[in-house]
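Throughout, read-outs are computed from the coordinates displayed, never taken from laboratory work. Please read all numbers here as calculations on a predicted model, not as lab measurements. All Cβ positions, even for glycine, are placed from backbone atoms using ideal geometry, and neighbour counts span all protein chains on display.
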Amino acid sequence: MMPQKCAPMKFSSQAMSMAAGKVRGIFAAGAMLAATVSMAADLPTFKLEMKDGVLNPARIMVPAGQKIKIEVHNTGQSAVEFESVQLRKEKVLAPGAQSFVVIAPLQPGEYKFFDDFHAQAQGVIVAK
């Protein structure tokens, strides 16, 4: 049996345009992600250690009117969850994990946060 020849594939200019648009969209999304990570690196940064129901520090002083980043480190043996209802933020971390949350500029005041997995762990962010 002889192999059959296949006709070359033809793409319409509309199909090519759609494919190019998708590639540009993927590139733009990647560029925005890189820009977001870069901007997060430039923010005023505060460290929070969460360890089996203990927050260190339990009171975080931050500048009002500025976007901030809080680096959260779980140094304990169990999972933790940084959560703030007021700030609409939550982040779950496995034992030994670290991550961060970015918080929009705050008005002067106090904003509560807690470890949702350890009820006794309560903290406050104070914006001045």
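Results, tabulated for the structure shown:
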| read-out | value |
| --- | --- |
| Number of the condition not met by ARG88 [criteria: (1) surrounded by fewer than 18 Cβ atoms within 10 Å (Cβ to Cβ); (2) touching a residue at least 24 places away in the same chain (Cβ under 8 Å); (3) of a type in the set (Lys, Arg)] | (2) |
| Residues that are in a loop (DSSP other than H, G, I, E, B), exposed (fewer than 14 other Cβ atoms within 10 Å of the Cβ) and at negative phi, drawn from the stretch 50-68 | PRO57, ALA58, PRO63, ALA64, GLN66 |
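Conditions tested, residue by residue: (1) surrounded by fewer than 17 Cβ atoms within 10 Å (Cβ to Cβ); (2) hydrophobic (A, V, I, L, M, F, W, C); (3) touching a Lys or Arg at 6+ places or on another chain (Cβ under 6 Å).
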{"position": "ILE70", "(1), (2), (3)": "no, yes, no"}
{"position": "ASN74", "(1), (2), (3)": "no, no, no"}
{"position": "VAL80", "(1), (2), (3)": "no, yes, no"}
{"position": "GLU83", "(1), (2), (3)": "no, no, no"}
{"position": "GLY96", "(1), (2), (3)": "yes, no, no"}
{"position": "GLN107", "(1), (2), (3)": "yes, no, no"}
{"position": "GLU110", "(1), (2), (3)": "yes, no, no"}
{"position": "PHE114", "(1), (2), (3)": "no, yes, no"}
